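Chemist: Dropping a structure here in structure tokens format, bear with me for questions.
Please treat every number below as a calculation from the coordinates, not as lab data. These numbers come from a predicted model, not from an experiment. Positions of Cβ are backbone-derived with ideal geometry, glycine not excepted, and every protein chain shown enters the neighbour counts.
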Amino acid sequence: MKRALYMTFIICMAVCLGFAGPAIAKDMFLTIGTGSPGGVYYPLGGGMSVVVQKTVDGIRCAAESTGASVENSRLVGIGDTDMGMVMGSVAYKATKGLDPFDKQYPIVALFQMYPAPEHIVTTKQSGIKTIADLKGKKVSIDVPGSGCSTMAKAILEAAGFDLEKDLKLANLSQSESVQALKDGIVDACFFNFAYPASAVMDLAATRDIVMVTVSKEFADNIVKDNPYYLKVTIPKGTYDDVDYDVLCIGDSNVMIANKNMSDDIAYKVTKAIYTNVNEGKYALINIHPIAAQLTPSNAINSPIPIHPGAMKYFKEAMK
């Protein structure tokens, strides 16, 4: 009895100290913070987690539904989540400790996923062709506090408008804005989403739409003053009747990681995702069409530094 108890004690100690024979290899487990089930982050993040788990030896991966950008920045920053999908402007503010964050978080980008340009949409009937033409008009800028609303105000103020005196602003949701523009209740709408967007396609199906483009000089100045914004060109033909390239101010969407993620893991994860965008059993393009914008040239266009392990892959891919 005593011998049995003694042997049990020795075995337990050996296991605890790691001396119980050959080590048993265990897979590393990684998590990806996404967003709500109704958005792009959730299905795309789920597809990415499958790619990583199925194609990278020694790594298991799962996607988690979260409150998206702000929550993901905090979770990754404190190490509760390994990776997270975040708007570029939010990621930038997290690294600087700017509102809504009360401290700086040690996060970096693995890659920019896709840009979300600020669409400025009107109709031919309105006569609006430039930002200057918005003066005195009824303009919907999305709901208060949204990223779209924040960017719309930055654009309008940079254009020299007094938001209270020069414009009639409305804070309508995306669906409300579409209907209001159809009905002539508003003259123009600001939308922030990746292209092609169903809301604009819906408008183009029933109205002759006009996409307002900004000048290169204007875009350069906005990005200089707001380093978390990007210059994004929506290619001509993306929407019916828009037969010209549309230069926009946009926000990015980035996959972030903690600075402490090893170069090896960052490299393997990034490579797995980018080599399974268009081809293979787990091709991300089959999960969501936005995956078509997951290209190395887009990936490095990030408002926060790229993880060196991820950058190693992109340098190889762009040779």
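Chemist: Going by alpha carbons, how many degrees (0 to 90, nearest 10) lie between the helix axis of 308-317 and the longest principal axis of the chain?
Modeler: The helix 308-317 is inclined about 70 degrees to the chain.
Chemist: Now for a different question. In straight Cα distance, which lysines are under 24 Å from residue 165, not counting same-chain residues fewer than 8 positions off?
Modeler: By straight Cα distance, residue 165 reaches 129, 135, 137, 138, 153.
Chemist: Ok, one more. Could you rank the peptides 187-193, 167-173 by their average count of other C-beta atoms within 10 Å per residue, with the highest value first?
Modeler: Highest to lowest by the protection proxy: 187-193, 167-173.
Chemist: Using 0.36 nm per residue, how much length does the chain from residue 225 to residue 292 gain when fully extended, once their Cα-Cα distance is taken away?
Modeler: 21.1 nm
Chemist: Let me ask something else. How many angstrom separate the Cα center of the stretch 232-272 from the Cα center of the stretch 67-114?
Modeler: Centre-to-centre distance over Cα atoms comes out at 16 Å.
Chemist: Under 17 Å from the 7 Å Cα→Cβ point of residue 154, by amide nitrogen: which residues of the stretch 115-135?
Modeler: The answer is 115-120, whose backbone nitrogens lie closer than 17 Å to the label point.
Chemist: Right, here's the next one. In terms of modelled amide H atoms, which long-range or inter-chain residues lie less than 5 Å from the amide H of residue 186?
Modeler: 181
Chemist: Relative to the longest principal axis of the chain, what angle (0 to 90°, nearest 10) does the C-alpha long axis of helix 216-225 take?
Modeler: Around 50 degrees separate the two axes.
Chemist: Continuing with the same structure: For the stretch 52-61, take each phi angle, set θ = phi - 60°, evaluate the Karplus expression 6.51 cos²θ - 1.76 cosθ + 1.60, and give the result in whole Hz per residue in order, putting x for glycine and proline.
Modeler: 5, 5, 7, 10, 10, 5, x, 10, 9, 8
Chemist: Let me ask something else about it. If r is the Cβ-Cβ distance from residue 215 to residue 80 and R0 is 35 Å, what FRET efficiency results, to the nearest 0.05?
Modeler: The pair residue 215/residue 80 has a calculated efficiency of 0.20.
Chemist: On a straight-distance basis, which aspartates and glutamates could pair with residue 315 in a cross-link, Cα separation under 16 angstrom, same-chain partners fewer than 8 positions away excluded?
Modeler: Counting by Cα, and skipping residues close in sequence, residue 315 has these aspartates and glutamates nearby: 263, 264.
Chemist: Moving on to the next point. Quick one: 49, 175, fewest Cβ neighbours within 10 Å first, how do they rank?
Modeler: Exposure proxy ranking, most exposed first: 175, 49.
Chemist: In whole Hz, what ³J(HN,Hα) sequence does the stretch 251-264 give by Karplus (6.51, -1.76, 1.60; θ = phi - 60°), x for Gly and Pro?
Modeler: Running phi through 6.51 cos²θ - 1.76 cosθ + 1.60 with θ = phi - 60° gives 10, 9, 10, 10, 9, 9, 9, 6, 4, 7, 4, 5, 4, 5 Hz.
Chemist: Amide H neighbours of residue 253 under 5 Å, counting only residues 5+ apart in sequence or on other chains, H built in-plane at 1.01 Å?
Modeler: HN-HN under 5 Å from residue 253: 88, 113, 114, 116.
Chemist: Spelling out what I want: for every residue of the stretch 159-168, take phi, set θ = phi - 60°, compute 6.51 cos²θ - 1.76 cosθ + 1.60 (Karplus), and round to whole Hz; glycine and proline get x.
Modeler: In residue order, the calculated couplings are 7, x, 7, 8, 5, 8, 9, 8, 9, 10 Hz.
Chemist: Positive end of the charge dipole of the chain (Lys, Arg +1 and Asp, Glu -1 on Cβ, about the Cα centre): tell me which of 134, 219, 58 has its Cα farthest that way.
Modeler: After comparing all options, I get 58.
Chemist: For 64, 164, what's the fewest-to-most ordering of other Cβ within 10 Å of each Cβ?
Modeler: By the 10 Å Cβ count, ascending: 164, 64.
Chemist: Let me ask something additional. At R0 = 35 Å, how high is the FRET efficiency between residue 96 and residue 205 if r is their beta carbon distance? Nearest 0.05 is fine.
Modeler: 0.25
Chemist: Express in % the proportion of alpha carbon pairs of the chain at distances exceeding 25 Å.
Modeler: Distances greater than 25 Å cover 55 percent of the Cα pairs.
Chemist: Taking amide H atoms as placed 1.01 Å from N in the peptide plane, list the residues 5 or more away in sequence, or in a different chain, whose amide H sits under 5 Å from that of residue 105.
Modeler: Distant-sequence amide H within range of residue 105: 95, 96, 97.
Chemist: Taking neighbour Cβ counts within 10 Å as the exposure measure, how do 80, 166 sort from fewest upward? Mind showing how you got there, number by number?
Modeler: On the way: 80 12, 166 15.
Fewest to most other Cβ atoms nearby, the residues stand as 80, 166.
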